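One structure below.
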Amino acid sequence: MNILDTTVQTTNIKPWAKGNAETKLKSACQEFEAFFINALLKSADKAKPKGGLFDDNKDSDMYSSMMNMEFAKSISQGGGMGLGDILFRQLQASK
């Protein structure tokens, strides 16, 4: 029995942003939001019907996984869902 998900998407976490602590924290919050959005998109992929352009095979799963990660990064960098900003403000206030 294989307990590992064969479509696990790994992400390359960017190194800490150069600059002060605030810039680094903002970058980390944005990366977290991208990771969270990717998890949502991956969950949504499981609900889509199989067939047509995206048949049920390893190649389309890999492509779909990579596409979701790029969508997540793009959404996060474009303002996202606000999760990164909320997290940033909360962490900034707790200093």
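The values are calculated or read from the model by the stated rules, or taken from the named source; none is laboratory data. Note that the structure is a prediction, hence the values are computed from the model and not measured. Here the Cβ is made from the backbone with ideal geometry for all residues, glycine too, and neighbour counts use every protein chain on show.
Does region 56-64 contain at least one residue that is farther than 30 Å from residue 93 by Cβ, at pLDDT 85 or above and of a type in the set (Gly, Ala, Ser)?
First, pick out the residues of region 56-64 that are farther than 30 Å from residue 93 by Cβ: 56-64.
Going one step further and asking which of them are at pLDDT 85 or above, we end up with none.
Within region 56-64, not a single residue is farther than 30 Å from residue 93 by Cβ, at pLDDT 85 or above and of a type in the set (Gly, Ala, Ser).
Mind listing whichever residues of region 65-77 are surrounded by fewer than 17 Cβ atoms within 10 Å (Cβ to Cβ) and either of a type in the set (Ser, Thr, Tyr) or at pLDDT 85 or above (or both)? Write out each step before concluding.
Looking only at region 65-77, we keep the residues that are surrounded by fewer than 17 Cβ atoms within 10 Å (Cβ to Cβ), and these are 66-67, 70-71, 74, 77.
Within region 65-77, 66, 67, 70, 71, 74 qualify.
Beta carbons closer than 7 Å, at least 6 apart along the sequence or on distinct chains, pair a first residue in region 72-95 that is in contact (Cβ under 8 Å) with a residue 24 or more places away in the chain with a second that is assigned to a helix (DSSP H, G or I) and basic (Lys, Arg) for 88/26.
Total residues in region 1-52 satisfying the condition of being modelled with pLDDT of 55 or more, more than 18 Å from residue 76 (Cβ to Cβ) and not in a helix (DSSP H, G or I): the figure is 8.
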